[in-house]
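First comes the structure, then the notes that go with it.
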Amino acid sequence: MAARYLARRLVSAGVTILMIVLLNFVLFRMMPGSPERILLGRIPGVTQEVREATKREWGLDKPLFPDQFVAYLSATARGDLGFSYANRGRTVTEVLGQKLGPTLLLFGLGEVIAILLGIALGAYSGWKRGGIIDHVGNGLSLILYATPYFLLGMGLLLLFATGLGWFPTFGMVTAGRAYDGPLDQLADIGAHLALPLATVSLGLLGQYAILMRSSVIETLGEDYVTTARAKGLPEGRILQRHALPNALLPTVTLIAINLGYVVAGAITVEVVFNWPGLGTLTVDALASRDYPILQGVFLLLSVSIVLGNLLADLVYGLLDPRVRT
Amino acid sequence: MTAPVLPFAAGSVARSTGGRLDLVRQVLQRSNGLVGVVILAAFTVLALVPELFVGPLQTAVTATGPRLGPPSAEFPFGTDELGRSVLNLTVHATRISMVIGLLATIITVGIGAVVGIVSGYVGGRFDAATMRVADFFLVIPTFVLAIILTAIIRDILGTGSKEIAGIRLSLLVIVVVIGITSWSSTARIIRSQTLSLRERTFVDRARVIGASGGHIMRRHILPNVMNLIVANTVLTFAGAILTETTLSFVGLGDPFQPSWGQLLEAARSVGAPGLGAWWYFVPSGAGVVLVVFAFTLLGNALDEVLNPRRRARS
């Protein structure tokens, strides 16, 4: 049974990734301009031989389906995503690889902080329903949910960098600064990271708290909680041992499902702070219509999200035997 | 519990016009519903007749103020880098943001409702295939897809300064793209409701007397998922305004018909937060937050009225 569950999840993730590549292929062929010129990064002065060679390599002289799609698929699998328009002569993979680190740092940390704080806040307000923390927290969560991430970032930037001068206003490091040692460098990155990190965490926190709160409220109405109450268990223990573990699972799944929606909206935070990651890259690529880079970002984010969801599904299956059917 | 639990919105609430009025009354009786409706009514007035409050939209030519001037008696919200009144721009942007949001919502809910009803009613392979596609759209980062689609479609159409019904083509592209990329959650919700309706006696009865599938979907399923569609429309509207704002912020807005997102983008690109020019982006930012907040409150109020499970607990 467990093997079948695993196999079904794997096949489903594989199909989704295949659909992503197919969509990317359709987008690539929709673009204005001839495909071999797009693949070569629109470099001027390309000889006829090079164009012909590219055409042959990608099967552009053969029918769209299956030949061209198969060529595209195998190129994608090899990590060959073509050349960037804006960065002449550099491959998309190279450019993406360079920007991945800062984004992972910012959103990895931001997600962890938001999940921990959001779940704690949501669990507490759901438990003490109608209390002061619940009212204030719920109102705050709704307002945070209504605020675009970048707007929150602009507000924090105005208050804490421009107004109070506590943090630097942009970038990941102070330009042209010489460091006394690795600790000094780390402190500089930390100071630059503080505001974008606060923005990402606050932006995500609201919706995680809302999700966890309703999940806790739902669980507290279940029969096994009533049973635990009837047994005379103390409230704190009911929450800890009976309600929380069961409320946590759907919340974590919903967080995983919402990842695509959240991450994509949150990349705009990078633009506000000029953080040198995928978000800033996306907006720059959009301004210069650097389609190969845009498609690369889309592919990278989609595949990461599908794999993240797969991981969440597998963990869920491990923890809750009811879903392994 | 004596009565069997019916799936919500399939029950007796709001079958007739009187029922629908009853729904409005119940929503307005809740504090979150009332606050939401009042805020939205205020912004709707601004969107309908911005000229009445601040005169025609100022341009670089008609601008009279100082550059990036702070709030003063003449310019209550200060001025932008061209000397235009930020109050004037923000009030006019209300119309663009709300109209784009409304059109995008209509397309999103339209696609979602049709796909959901047909898929749920027809079932079988068709249902499996469409839900596969819907799940695909739920998982992928649709915002990045929307960026690419908007850019490509604009490049193909060569939008320029073309207008349809007073709205620039570049903005209509955004409307369509939001619709294409965000229908899936509506479709999923409507489909699950349709699945349960399909098994109900009145649908069987209609089928037995020889009603066609199209007739049953239009006359029997649609009226019974209408409340669900209304509740979903409210939440979709909030999402559409957020998406439009974010798309404009990354540079896909139209400077000639500025929305709130477009103003925020302009403020960021002249470095308003770094220069301490809070007046440039706080008004349009407040507009976005208030409207989305109001829609969320209204959506919650509707959900509480329509969903008996939530009503029992709150």
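Every read-out reported here was derived from the displayed coordinates using simple, explicitly stated rules and does not represent laboratory data. Please read these numbers as outputs of a predicted model, since none were measured by experiment. For neighbour counting, all protein chains shown are included, and Cβ atoms are generated from backbone atoms with ideal geometry for every residue, glycine included.
Identify all residues within segment A:160-190 that are part of a helix (DSSP H, G or I) and either more than 9 Å from every other protein chain (Cβ to nearest Cβ) or crowded, with 18+ Cβ neighbours inside 10 Å (or both); write none if there are none.
So the first thing to find is which residues in segment A:160-190 are part of a helix (DSSP H, G or I), and the list is A:160-163, A:182-190.
Result: A:Phe160, A:Ala161, A:Thr162, A:Pro182, A:Leu183, A:Asp184, A:Gln185, A:Leu186, A:Ala187, A:Asp188, A:Ile189, A:Gly190.
Being over 19 Å from the mean Cα position of the chain (by Cα) and at the interface with another protein chain (Cβ under 7 Å from one of its Cβ atoms) is the filter; apply it to segment B:145-160 and report the residue that is farthest from A:Ala287 (Cα to Cα).
Restricting attention to segment B:145-160, the residues satisfying the condition of being over 19 Å from the mean Cα position of the chain (by Cα) are B:148-149, B:151-160.
Still in the running and at the interface with another protein chain (Cβ under 7 Å from one of its Cβ atoms): B:148, B:151-152, B:155-156.
Working: B:Ile148: 11, B:Ala151: 9, B:Ile152: 12, B:Asp155: 12, B:Ile156: 16 Å.
Result: B:Ile156.
Here is a list: B:Ala211, B:Ala206, B:Ala272. Which entry is buried (at least 20 other Cβ atoms within 10 Å of the Cβ), out of contact with any Gly (no Cβ under 7 Å at 6 or more places or on another chain) and not polar (S, T, N, Q)? Write out each step before concluding.
On the way: B:Ala211 fails: buried (at least 20 other Cβ atoms within 10 Å of the Cβ); B:Ala206 fails: buried (at least 20 other Cβ atoms within 10 Å of the Cβ).
Just one listed residue meets the conditions, B:Ala272.
Suppose the filter is surrounded by fewer than 22 Cβ atoms within 10 Å (Cβ to Cβ) and away from chain B (no Cβ under 12 Å); does A:Arg213 pass it? First the steps, then the outcome.
Details: surrounded by fewer than 22 Cβ atoms within 10 Å (Cβ to Cβ): no; away from chain B (no Cβ under 12 Å): yes.
No, not satisfied.
Please determine whether any residue of segment A:125-140 is closer than 28 Å to B:Ala277 by Cβ and in contact with a helix residue (DSSP H, G or I) (Cβ under 9 Å, 6 or more places away or on another chain). There is at least one residue in segment A:125-140 that is closer than 28 Å to B:Ala277 by Cβ and in contact with a helix residue (DSSP H, G or I) (Cβ under 9 Å, 6 or more places away or on another chain). Of the residues examined, B:Ala266 is one that is more than 30 Å from B:Ser192 (Cα to Cα), among the aliphatic types (A, V, I, L, M) and over 15 Å from the mean Cα position of the chain (by Cα). Looking only at segment B:261-269, decide whether some residue is at the interface with chain A (Cβ under 8 Å from one of its Cβ atoms), of a type in the set (S, T, N, Q), in contact with a Gly (Cβ under 6 Å, 6 or more places away or on another chain) and crowded, with 24+ Cβ neighbours inside 10 Å. No; the residues of segment B:261-269 include none that is at the interface with chain A (Cβ under 8 Å from one of its Cβ atoms), of a type in the set (S, T, N, Q), in contact with a Gly (Cβ under 6 Å, 6 or more places away or on another chain) and crowded, with 24+ Cβ neighbours inside 10 Å. Here A:Arg129 meets each of (1) within 14 Å of another protein chain (Cβ to nearest Cβ); (2) of a type in the set (D, E, K, R); (3) crowded, with 18+ Cβ neighbours inside 10 Å with one exception, condition (3).
Residues in segment A:23-34 that are more than 10 Å from chain B (Cβ to nearest Cβ) and surrounded by fewer than 17 Cβ atoms within 10 Å (Cβ to Cβ): A:Val26, A:Arg29, A:Ser34. B:Ser85 meets the conditions (1) farther than 30 Å from B:Arg219 by Cβ; (2) surrounded by fewer than 20 Cβ atoms within 10 Å (Cβ to Cβ) in every case but one. The failed one is (2).
Condition (residue is in contact (Cβ under 8 Å) with a residue 12 or more places away in the chain, more than 10 Å from every other protein chain (Cβ to nearest Cβ), outside any helix (DSSP H, G or I) and crowded, with 24+ Cβ neighbours inside 10 Å) applied to segment A:254-275: is it met by at least one residue? Yes, segment A:254-275 has at least one match. Can you say whether A:Ile113 is touching a residue at least 60 places away in the same chain (Cβ under 8 Å), over 18 Å from A:Gly277 (Cβ atoms), part of a helix (DSSP H, G or I) and within 23 Å of the chain's Cα centre (by Cα), as far as the supplied structure shows? For A:Ile113, the condition - touching a residue at least 60 places away in the same chain (Cβ under 8 Å), over 18 Å from A:Gly277 (Cβ atoms), part of a helix (DSSP H, G or I) and within 23 Å of the chain's Cα centre (by Cα) - is not met. The set of residues in segment B:226-285 that are in a loop (DSSP other than H, G, I, E, B) and either farther than 29 Å from B:Ala301 by Cα or in contact with a His (Cβ under 9 Å, 6 or more places away or on another chain) (or both) comprises B:Gly253, B:Asp254, B:Pro255, B:Phe256, B:Gln257, B:Pro258, B:Val270, B:Gly271, B:Gly276, B:Ala277. Scanning segment B:244-260 for residues that are of a type in the set (Ser, Thr, Tyr) and either away from every other protein chain (no Cβ under 11 Å) or within 21 Å of B:Glu163 (Cβ to Cβ) (or both) returns B:Ser248, B:Ser259. If you check every pair at least six apart or on different chains, which have Cβ atoms under 7 Å apart with a residue in segment B:28-50 that is on the phi > 0 side of the Ramachandran plot first and a residue that is in a helix (DSSP H, G or I) and of a type in the set (A, V, I, L, M, F, W, C) second? Short answer, once both residue conditions are applied: none.
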